[in-house]
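Here the structure comes first, spelled out in structure tokens, and everything after it is commentary.
Bear in mind that the values in this text are calculations on the coordinates, not laboratory data. Please read all numbers here as calculations on a predicted model, not as lab measurements. Here the Cβ is made from the backbone with ideal geometry for all residues, glycine too, and neighbour counts use every protein chain on show.
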Amino acid sequence: MRCPFCAHENSQVKDSRPTEDNAAIRRRRQCESCGARFTTFERVQLREITVVKSDDSREPFARGKIEQSVTLACRKRGIAQERLDQLVSGIQRQIETLGESEVPSKAIGEMVMDGLRHLDSVAYIRFASVYRDFSEARDFEEFASSVQEMSGRDVDGD
């Protein structure tokens, strides 16, 4: 594994353990050249997945993009990192179990929306504001009121 600090090709594994959800192996490594320590994660990849963007361009699936979006939406919400990792792992499993080599970005966005809706309503609205391209305060108001109506139904059992 290449060192992220000095780009040396070799590092030693100092510790390995499964992540909380057993979806990956966490490895602590130390660079043989500069001595820096860093962490890597090893995950199962069933197949190469290509994301089809709305403009029909294609790019390889990148778990990091989902992690970044979820983390940004949940910033300062007090949600444990473990729960965010579980959400992202769950979305990745959904994508991989679709059995398709190409997945529309819209489908991935909807999976993230669904996951955030169940996790935190503010994070859900934050993500939706970017994903659905809100342009006015009215867009926020309408979406937030629909979220309140949904959560009211969930509580009442409707």
What order do you get for Met1, Met111 when you list them from fewest to most C-beta neighbours inside 10 Å?
-> Met1, Met111
Given DSSP loops and a limit of at most 15 other Cβ atoms within 10 Å, what is the longest stretch of the chain that contains no such GluC sites (Glu not before Pro)?
-> 49-99
Added length on full extension, which subtracts the Cα-Cα distance from 0.36 nm per residue, Thr39 to Glu110 = 22.5 nm
Checking Ser33, Ser16, Ser145 against a Gaussian network model of the chain (alpha-carbon springs below 10 Å), the top fluctuating residue turns out to be Ser33
Please pull out the direction-averaged projected area of segment 1-43, using the convex hull of its alpha-carbon atoms, in nm² to one decimal place.
-> 2.7
Assign one of three labels to the chain, namely rounded, prolate or oblate, based on the Cα gyration tensor with a ≥ b ≥ c the square roots of its eigenvalues; rounded applies when a/c is under 1.5, prolate when it is not and a/b is larger than b/c, and oblate otherwise.
-> prolate
In degrees, nearest ten, helix 137-156 long axis to first principal axis of the chain (Cα) = 90
Between exposed chymotrypsin sites (Phe, Trp or Tyr not before Pro) in the chain, where DSSP calls loop and at most 16 other Cβ atoms lie within 10 Å, what's the longest gap?
-> 6-133
Neighbour-limited loop hits for trypsin sites (Lys or Arg not before Pro), segment 57-151 (at most 15 other Cβ within 10 Å; DSSP other than H, G, I, E, B) | Arg75, Lys76, Arg77, Arg132
Using 1/(1 + (r/R0)^6) with R0 = 41 angstrom and r between the beta carbons of Thr19 and Arg132, what's the FRET efficiency to the nearest 0.05?
-> 0.85
At 222 nm, what helix-only mean residue ellipticity would the chain give, in deg cm²/dmol to the nearest 500, using -39500 (n - 2.57) for each DSSP H run of four or more?
-> -15500 deg cm²/dmol
Pull up the DSSP beta bridges for the chain and report the antiparallel fraction as a percent, rounded to 5.
-> 85
Rounding to the nearest 20 debye, state how big the charge dipole of segment 46-151 is about its Cα centre with +1 on each Lys and Arg Cβ and -1 on each Asp and Glu Cβ.
-> 380
Which lysines does Lys106 reach when only Cα atoms under 28 Å apart count, and residues fewer than 8 places away in its own chain are ignored?
-> Lys53, Lys65, Lys76
